[in-house]
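Everything on this sheet refers to the single structure shown next.
The values are calculated or read from the model by the stated rules, or taken from the named source; none is laboratory data. All values derive from a computational prediction rather than experimental measurement. Glycine also receives a Cβ, built like all others from the backbone with ideal geometry; neighbour counts cover every protein chain displayed. To get the accessible areas, we keep the full protein, side chains included, count just its heavy atoms, and leave off ligands, DNA and RNA. Shrake-Rupley method; radii C 1.70, N 1.55, O 1.52, S 1.80 Å.
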Amino acid sequence: MGGPLRIGVVGAGKISGQYSDTLSRLPELAITAVADLDLSRAQALAEKHPGARAVDLADLYAAPDVDAVLNLTTPAHHATVAHAALAAGKHVYGEKPQAATTADGRSITDAAAAAGLRLACAPDTVLGTGVQTARAVVESGAIGVPHAATAFMTAAGHERWHPDPEFYYQPGGGPLLDMGPYYLTSLIHLLGPVRRVSATSSRPRDERVIGSGPREGTTFPVSVDTHLTGTLEHHSGALTTMIMSFDVWAAHLPRIEMHGSEGSLAVPDPNYFGGEVELFTREAPEWTAVPPSAGYADGGRGIGLLDLADALTAGRDHRAAADVALHVLDVMETMLLSTQTGASIEVSTTCGRPAPITTLLTLPG
Ligand SMILES: NC(=O)c1ccc[n+]([C@@H]2O[C@H](COP(=O)([O-])OP(=O)(O)OC[C@H]3O[C@@H](n4cnc5c(N)ncnc54)[C@H](O)[C@@H]3O)[C@@H](O)[C@H]2O)c1
């Protein structure tokens with residue numbers, strides 16, 4: 001491919017600012033068009049990118065200077081936007097979760113495959129130094145054969161900082177569907193896919209109050225469970241214990257830890273790109289920081305698109321892979337099913353592990 005990958009952004013809300021910052025630094029990517037149900041948001045984002053214009057959705061899909069659609073809408077709209085973009089012949093990179101349901105995720109994955117187009121999905125934080133350095137340590141054999149992991153995400157609720165937080169508390173939201181993708185995608189990079197899950201959940205509060213922005217003080221209803229505990233059995237035989245919660249004011253819990261026959265590994269917060277990896281082994285029995293050795297050293301949301309652009313040029317698989325995102329969604333949906341039935345349930349999908357990044361990469365700017 002000549003020139004940059006030309007991006008049409010659909011959804012110019014809260015998270016679009018982070019993508020905008022990252023893409024501004026990358027000559028391999030150029031935002032050419034922006035659409036949002038709220039035109040003023042599209043205009044504000046387009047103004048930050050020379051040559052970009054605010055358009056309505058139909059024009060964005062039809063635009064000849066859009067190669068890929070960056071889908072930053074809320075989860076309930078992910079599949080609709082992806083289908084429309086794929087039908088118009090555009091590659092799609094979407095925010096997580098891949099769709100609101102596994103059926104929708106499967107449908108867009110199939111549509112992309114049938115059209116010969118790329119479908120990619122956040123999170124791309126897993127391409128940062130945190131998870132990639134951890135993966136290099138695991139693959140070096142330093143912790144021996146991994147047999148267990150823990151994954152804890154505890155927060156008091158996104159309504160404290162997000163100006164329009166209702167979607168986090170409606171079907172398609174909740175702590176697992178919202179934050180689970182960071183943890184599960186990391187665990188798939190580190191331990192591989194999941195065979196079986198079980199989970200229980202609760203809803204300690206039926207209402208929440210918006211804590212910031214123009215609607216601060218507004219009460220809204222909660223229609224999904226907001227505290228979940230669960231277990232995952234990976235195909236490798238490793239077992240992961242999870243807590244995903246919007247009902248914890250404070251905790252001393254680590255984010256992700258892995259335990260193997262020869263040692264243990266602490267993996268930093270998978271919601272971020274960097275952070276410290278720490279290793280403890282039978283041979284060196286003290287927690288020791290591992291210098292970053294792999295991944296994007298100063299990544300920001302959008303580096304998954306950079307990887308996609310490179311993959312298109314090189315004719316290789318992109319790392320923010322559709323089969324991983326579909327499996328992550330399926331694992332989460334199956335956990336939610338387990339909370340309703342009380343059963344331990346086999347996960348219907350599986351996926352490959354994306355290729356590791358084996359060197360330290362830096363971005364311009
Ligand atoms: N806010 C964060 O910190 C954050 C972090 C990581 C990922 N995400 C993910 O990013 C996505 C968006 O989150 P957000 O916080 O930016 O939400 P948001 O509500 O702030 O923004 C979403 C934008 O999409 C627009 N939109 C919705 N449906 C549309 C449609 N069909 N066509 C065109 N525009 C449409 C809305 O008008 C809005 O401007 C979600 O999937 C979320 O999980 C958010």
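Would you work out which of G174, A134, P146 lies farthest towards the positive end of the dipole of segment 120-241? Charges go on Cβ: Lys and Arg +1, Asp and Glu -1.
P146
Loop-only check: which GluC sites (Glu not before Pro) in segment 193-298 are DSSP coil with at most 16 other Cβ within 10 angstrom?
For GluC sites (Glu not before Pro) across segment 193-298 that sit outside H, G, I, E and B with at most 16 neighbouring Cβ atoms in 10 Å, the list reads E216, E262, E276, E283, E286.
Within segment 30-64, find all residues whose amide N lies under 20 Å from a label point positioned 7 Å from the Cα of F220 along Cα-to-beta-carbon.
What the label zone holds, given the 20 Å backbone N cut-off, is 36-42.
Would you work out the relative contact order for segment 1-66, in percent, from Cα pairs under 8 angstrom that are 6 or more residues apart?
Result for segment 1-66 is 34 percent.
Work through the residues other than L306 whose Cβ is under 9 Å from its Cβ and net out their charges, Lys, Arg +1 and Asp, Glu -1.
Neighbour charge sum, excluding L306 itself: -4.
Skip the ligands, DNA and RNA, and give the accessible area per residue of segment 269-365 with a 1.4 Å probe, whole Å².
Spelled out: the 1.4 Å probe surface of segment 269-365, per residue, equals 47 Å².
Return the carbon/sulfur percentage of the accessible area of segment 307-365, one whole number, probe 1.4 Å, all protein chains in place.
53
Averaged over all directions, how much area does the convex hull of the C-alpha atoms of segment 202-351 cover when projected, in nm²?
Computing the convex hull of the Cα atoms and averaging its projections yields 13.3 nm².
Counting only protein heavy atoms, what percent of the accessible surface of segment 59-198 is carbon or sulfur at a 1.4 Å probe?
Here carbon and sulfur together make up 57 percent of the probe-accessible area.
Sort largest first and round to whole Å: the equivalent ellipsoid semi-axes of the chain, each the square root of five times a Cα gyration tensor eigenvalue.
31, 25, 20
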